[in-house]
Every structure is written in C-alpha cells, then in structure tokens.
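Student: Following this message is one structure expressed as structure tokens.
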Amino acid sequence: MNDNCIQFSIESDIAQIRLDRPEHANGMNLRLMQELVEAVHTCEEEAVRALIITGVGKFFSAGGDLASFADDLPHLPRKLNELTLNLHGAISRLVRLNAPVIAAVNGPCAGAGMSLACACDLVLAAESSHFTMAYTAAGLSPDGSSTWFLPRRVGDLRARELMLTNRRLSAVEAVSWGLANRVVEDKELDREAMALARQLAAGPTLAYGKVKALVNDSLLTGLETQMELESRAIASSAKTRDAQEGIRSFLDKRSPVFVGD
C-alpha cells in the first residue's frame, strides 16, 4: 500500500508535486514536509526545467495538520520546530531552483499551504479556490516564508490585514491583490498548468534562475548594488549555450531552441 504524502514525477524535464493527503485536506504533517524536501532536492539534481505544485482532491492544502498538533500539545513547540525546519528547507530550495515553479491552486489554500503558494514563481488559481492565512485563528504566528513573501506580493498593510484578520480572498480577489497571476476554470487547471510548464521548460532555464535570484535580491539591496548584480548575472548568462542560441536565432529570424544550459 502506498502511504506517501505526495505524488512526485518527472517527465520531459517537467516535475510535478501533488500534495496527497486528501482525507486530511492535504494538511502538512512531518512526513509530507520531509517528502517535499526530498522531491525538491531531486528537482535540483535532475535539473528539471519547470515544476508544478498542486493538490490531490478538493484542497490545495489547508495548512498544518492541526489534528496531529492536538495529539501532543505538551511537545508542540518542539514538533513545530521540526516541521518548520523541513518546510523552510523545501521553500529555500524552491526559491533557488533555476526552474520556474508554478502553483496550480486547485482548491482552498490556507496556512502553510498559502505560504507555499506565495513562495512559487507563478500562481494559477482555480475558480473554486480561495486563500486565507488562518494562522492566528489557531493562536499561532505565520511560518513558511509568508512574512517575507506576502508583504512583497500585496504590500505591508494588506499583508497585515490577511495575517491579523484571516480575511478570505476568492480566486478573483487573489489576482487583484497580486497573490495569483490568473483565474482558471476548475476543469482546465491541470491542462493550463501543464501548458505553462511546457512553455517555460522550453525556455532558457539558467537565465530564469538568474531572474529569480535578481528579483529576490532587489528588495534587499540598494540601486548600485543591484545594478552590479545585474551586470554579473548578464555576463554570466552570456557564457551559456542558450544565450548564444538566442542571439543567433534573433539574427536568423527564427525561433530559438533552448536546451537549458
């Protein structure tokens, strides 16, 4: 019997991670987080060129598995330290992957599930999905990088509102607030996510990685420092086969064929 908490596959340079605890609203327990770290590490090793993260069933993820938290309240602080160690390790690797990461939010997205979606590069939201931070409703503070990413996505005041009031955003509101790129019909979500992944997987993967790193650094550095980082990144990019192909194809007036190297 397969008792894994995620489904993980790689096909044609595209990886898929499906959170697979539908009977628990894809709630995140220690095992799921450990499997998530391992899957992302494999994506690094295999040099995938796009990654889709979604959920099995009706939920993307309801966040931390509160039922398992309640089973051992006296040791909860230690348990949460262990949980966040794995979750944060996975997110740190996701952010630094050269491959673009797509969150295909197929349903309710709450707590650590929302934190995970915020850490992805692109977010497609199914019409039936909605987003809520939920942490303070359980008397807890946020984790999963959300206090870093959320203010950058929606601004300081809106981030505070989401974290303090647990306001629930519909898929349409998530787009208007800057939490998602676009709304997709529920039945079309997998197809649209895969189409986007294929588009990205055919692109210059190392250049994408530099885009991600530069954007992440941009809010932590001054103008001159950021421009120096840009100079180093574009010079480094110029050494790749994809850059040479991109320039040649432009001059030849044809579509480039990138190999991710």
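The values are calculated or read from the model by the stated rules, or taken from the named source; none is laboratory data. Every value quoted in this text rests on a predicted model; they were computed, and no experiment measured them. Every residue, glycine as well, gets a Cβ built from its backbone with ideal geometry; the counts of neighbours run over all protein chains shown. Protein only, heavy atoms only, side chains kept; ligands, DNA and RNA dropped before computing areas. Shrake-Rupley method; radii C 1.70, N 1.55, O 1.52, S 1.80 Å.
Student: Given the chain, what count of lysine pairs have C-alpha atoms under 24 Å apart, with each pair 8 or more places apart or on different chains?
Tutor: Close lysine pairs found across the chain: 4.
Student: Right, another one. Mean separation of Cα pairs under 8 Å and 6+ residues apart, divided by the residue count of the chain: what relative contact order is that in percent?
Tutor: Relative contact order comes out at 16 percent.
Student: So, with a 1.4 angstrom probe, what is the percent of accessible area on the chain that is carbon and sulfur?
Tutor: 54 percent
Student: Heavy atoms only, probe 1.4 angstrom, no DNA, RNA or ligands counted: give me LEU200, LEU140, LEU157 ranked by accessible area, highest first.
Tutor: Result, largest first: LEU157, LEU140, LEU200.
Student: Taking springs between alpha-carbon atoms closer than 10 angstrom, which of ASN216, ASN81, ASN106 fluctuates most in the Gaussian network model of the chain?
Tutor: Sorting by GNM fluctuation, first place goes to ASN81.
Student: Using 0.36 nm times the number of residues separating HIS75 and GLN7, minus their current alpha carbon distance, what extension gain do you get?
Tutor: Gain on extension, HIS75 to GLN7, equals 21.5 nm.
Student: Pulled fully out, how much extra length does the chain show between GLU82 and LYS253, if you take 0.36 nm times their separation in residues and subtract their Cα-Cα distance?
Tutor: Gain on extension, GLU82 to LYS253, equals 56.2 nm.
Student: Under a Cβ-only charge scheme (Lys and Arg +1, Asp and Glu -1), can you give me the dipole magnitude of the chain about the Cα centre, in debye to the nearest 20?
Tutor: Its charge dipole is roughly 560 debye.
Student: Of ASN26, LEU83, LEU164, which is farthest on the positive side of the dipole of the chain, counting Cα position, with +1 on Lys and Arg Cβ, -1 on Asp and Glu Cβ, and the Cα centre as origin?
Tutor: Ranked along the dipole, the leading option is LEU164.
Student: Nearest 20 debye, what's the magnitude of the dipole of region 1-122 about its Cα centre given +1 on Lys and Arg Cβ and -1 on Asp and Glu Cβ?
Tutor: My answer is approximately 320 debye.
Student: Compute the signed sum of charges (Lys and Arg +1, Asp and Glu -1) over the other residues within less than 15 Å, Cβ to Cβ, of LEU66.
Tutor: -3
Student: Could you report the chain's accessible area per residue, 1.4 Å probe, as an integer in Å²?
Tutor: Per residue, the chain has an accessible area of 52 Å².
Student: Where does the longest stretch of the chain lie that holds no GluC sites (Glu not before Pro) found in a DSSP loop with 15 or fewer other Cβ atoms within 10 Å?
Tutor: 1-126
Student: To continue, here is another question. Taking the alpha-carbon centroid of each part, what is the distance from region 203-243 to region 16-95 in angstrom?
Tutor: A separation of 29 Å, based on Cα centres.
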